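*Asks:* Dropping a structure here in structure tokens format, bear with me for questions.
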Amino acid sequence: MKYNKLAFIDLETTGLDPDQHEIIEIGGIIAKPVTVAGRGPDLEIIDQFEFKIKPEHLETAEPEALRVNSYNETDWLFAHDLKQILPIIAEKTKDCMMVGQNVSFDWGFLQYAFKKHQLKWPIHYHKVDLITMAFMKNYHEVNKPLERYNLGALAEHYGISNPKAHSALADIQVTFEIYRKLLNL
């Protein structure tokens, strides 16, 4: 299979609209399927990355988004320009299938950024959404059905701690672990 690697990607943004808001943090894990002796199928992490991105238009940011994402000028002092980071992301994710929590949100922002900077979209067009996987896995759970499918609710349901919620790398590490639990890896 051409796209046997998975790119788990999470973004933090200055709001919900890719036409108006910006990516301010990108976290990712690149994994490939492996077989572990005595255990069977699993995923091996082959790369992990996190980039803080310098916003160009903070004046359009939603204050609530900045608060939730813990944006502050000090932590973003040495942030990168998005245009410099996108080729690195392209190389790391080439021919991968993207996986994420509410993957369409992150996909939309990334695709907009690649198009804006006239870069070729590197990720395979198939994508895997953790929300859909969790919903299907828990749909028939009669004793303890899930009422919410956000990352915090799923982490709690699967016993995974996320003390740095809403930071891209921490959130994607939790997404990765939930994905493994959903597949019983």
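This table checks each residue for (1) part of a helix (DSSP H, G or I); (2) surrounded by 14 or more Cβ atoms within 10 Å (Cβ to Cβ); (3) on the phi < 0 side of the Ramachandran plot.
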{"residue": "64", "(1), (2), (3)": "yes, no, yes"}
{"residue": "74", "(1), (2), (3)": "no, no, yes"}
{"residue": "84", "(1), (2), (3)": "yes, no, yes"}
{"residue": "105", "(1), (2), (3)": "yes, yes, yes"}
{"residue": "108", "(1), (2), (3)": "yes, yes, yes"}
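*Asks:* Pull up region 28-38, narrow it to residues that are surrounded by fewer than 16 Cβ atoms within 10 Å (Cβ to Cβ) and within 13 Å of residue 6 (Cβ to Cβ), then point me to the one that is nearest to the chain's Cα centre (by Cα).
*Replies:* Checking each candidate, the answer is 32.
*Asks:* For region 129-177, which positions are among the β-branched types (Val, Ile, Thr), at pLDDT 95 or above and within 15 Å of the chain's Cα centre (by Cα)?
*Replies:* Taking region 129-177 as the starting set, the residues that turn out to be among the β-branched types (Val, Ile, Thr) are 131-132, 142, 160, 172, 174-175.
So of that shortlist, the ones also at pLDDT 95 or above come out as 160, 172, 174-175.
Selection gives 172, 174, 175.
*Asks:* Would you point out the residue of region 153-171, among those that are without any contact (Cβ under 8 Å) to a residue 24 or more places away in the chain and of a type in the set (Gly, Ala, Ser), that is nearest to residue 27 (Cα to Cα)?
*Replies:* Here the residue is 165.
*Asks:* Would you check if residue 134 is in a loop (DSSP other than H, G, I, E, B) and touching a helix residue (DSSP H, G or I) at 6+ places or on another chain (Cβ under 8 Å)?
*Replies:* no
*Asks:* Let me ask you something else. Take region 160-185 and flag every residue that is surrounded by 14 or more Cβ atoms within 10 Å (Cβ to Cβ) and over 19 Å from residue 43 (Cα atoms).
*Replies:* 162, 165, 166, 167, 168
*Asks:* Can you confirm whether region 108-121 contains a residue that is touching a Phe, Trp or Tyr at 6+ places or on another chain (Cβ under 7 Å) and more than 23 Å from residue 24 (Cα to Cα)?
*Replies:* No, because not a single residue in region 108-121 is touching a Phe, Trp or Tyr at 6+ places or on another chain (Cβ under 7 Å) and more than 23 Å from residue 24 (Cα to Cα).
*Asks:* Give the number of residues within region 134-159 that are within 26 Å of residue 75 (Cβ to Cβ) and surrounded by 18 or more Cβ atoms within 10 Å (Cβ to Cβ).
*Replies:* Residues meeting the conditions: 2.
*Asks:* Check off (1) closer than 18 Å to residue 175 by Cα; (2) without any contact (Cβ under 8 Å) to a residue 12 or more places away in the chain for residue 140 and give me the number that stays unchecked.
*Replies:* The failed condition is (1).
*Asks:* Testing residue 115 on (1) part of a helix (DSSP H, G or I); (2) free of Cβ contacts under 8 Å to residues at least 40 places away in the same chain; (3) surrounded by 13 or more Cβ atoms within 10 Å (Cβ to Cβ), one condition comes back false. Which one is that?
*Replies:* Of the numbered conditions (1) part of a helix (DSSP H, G or I); (2) free of Cβ contacts under 8 Å to residues at least 40 places away in the same chain; (3) surrounded by 13 or more Cβ atoms within 10 Å (Cβ to Cβ), the odd one out for residue 115 is (3).
*Asks:* Starting from residues that are in a strand (DSSP E or B) and among the acidic types (Asp, Glu), keep the ones in region 39-59 and report whichever is farthest from residue 5 (Cα to Cα).
*Replies:* Only one residue fits best here, namely 50.
*Asks:* Still on this structure, please answer the following. I'm trying to understand the selection: among the residues of region 86-103, which are among the polar types (S, T, N, Q) and assigned to a loop (DSSP other than H, G, I, E, B)?
*Replies:* Listed by number, the residues that qualify are 101, 102.
The values are calculated or read from the model by the stated rules, or taken from the named source; none is laboratory data. The structure displayed is predicted, hence computed values, not measured ones. Positions of Cβ are generated from backbone atoms using ideal geometry, with glycine treated the same way; all protein chains shown enter the neighbour counts.
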